[in-house]
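Asker: One structure coming up, written as structure tokens, with questions to follow.
Nothing in this text is a laboratory measurement; each read-out follows from the coordinates by a stated rule. Given the structure is predicted, the values throughout are model-derived calculations rather than measurements. So basically every Cβ, Gly included, is an ideal-geometry build from the backbone, and we count neighbours across all protein chains shown.
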Amino acid sequence: MSNLIDAKDILNDESKMLDLQATMIEAFAKGYTPRSATDDDFELNNLNCWAKELRGYSDINKQFAAMPSTNLKTALQEEIVVLQQCLAAIKSNSAAAEYWKTNLSENIYYTQQTLARVK
């Protein structure tokens, strides 16, 4: 078996990437100007929601990376169960459903692979 990258390194690197993306979104949103004086702030709130989502993923990764290995294994196993439950809940074959099925399947795979790398 090859030398596997430690799960905590993966989580920390992913957090750096997510924080960078969130910062770029926040900078983009700061430059937001409504198309007219009467426009609502939905677009700005939508942009900020993307940044909030990425920060949330990053915060969880940081919490996971700070855990002792035993706790990290448990947390990743719980995350896999949650992702599997979300995947199982999708009953549609719409384009959006297919996207989420693929997204969740990939997240399950990568979370399993991260779990395998907990040292």
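Asker: Positive end of the dipole of the chain, charges at C-beta (+1 Lys, Arg; -1 Asp, Glu), about the Cα centre: which of Ser58, Pro34, Ala96 has its Cα farthest in that direction?
Answerer: The listed residue farthest towards the positive side: Ser58.
Asker: Same structure again: Mean separation of Cα pairs under 8 Å and 6+ residues apart, divided by the residue count of the chain: what relative contact order is that in percent?
Answerer: The value is 37 percent.
Asker: List, in the order given, every pair from Lys62/Lys119; Lys16/Lys73; Lys52/Lys73; Lys8/Lys52; Lys52/Lys119 whose Cα-Cα distance in the structure shown is over 24 Å.
Answerer: Beyond 24 Å between Cα atoms: Lys52/Lys73; Lys52/Lys119.
Asker: Report the calculated FRET efficiency for Gln112 and Asn45 (r = Cβ-Cβ distance, R0 = 30 Å), to the nearest 0.05.
Answerer: Result of the calculation: an efficiency of 0.30.
Asker: Under the 0.36 nm per residue contour assumption, what length would be gained going from the current alpha-carbon distance of Gln77 and Ala89 to full extension?
Answerer: 2.5 nm
Asker: To the nearest 20 debye, what is the magnitude of the charge dipole of region 1-104 about its Cα centre, counting +1 on the Cβ of each Lys and Arg and -1 on the Cβ of each Asp and Glu?
Answerer: The dipole magnitude comes to about 180 debye.
Asker: To continue, here is another question. With a length cut of 15 Å (Cα positions projected on each helix's long axis) and a Kyte-Doolittle mean of at least 0.0, go through the chain and give me the DSSP H helices that pass.
Answerer: Correct list, ordered by number: 69-89.
Asker: Net charge near Ile108: determine it from the other residues with C-beta under 14 Å of the C-beta of Ile108, scoring Lys and Arg +1 and Asp and Glu -1.
Answerer: -2
Asker: Could you work out the relative contact order of region 1-66? I mean the mean sequence separation of Cα pairs under 8 Å and 6+ apart, divided by the number of residues, in percent.
Answerer: Reported relative contact order: 55 percent.
Asker: Can you give the helix-only mean residue ellipticity at 222 nm for the chain, where every DSSP H stretch with n ≥ 4 adds -39500 (n - 2.57) and the sum goes over all residues, rounded to the nearest 500 deg cm²/dmol?
Answerer: It comes out at -26500 deg cm²/dmol, rounded to the nearest 500.
Asker: Ok, one more. Taking a virtual spin label 7 Å from the Cα of Tyr32 along the C-beta vector, which residues in region 39-68 bring their backbone nitrogen under 16 Å of it?
Answerer: 39-55
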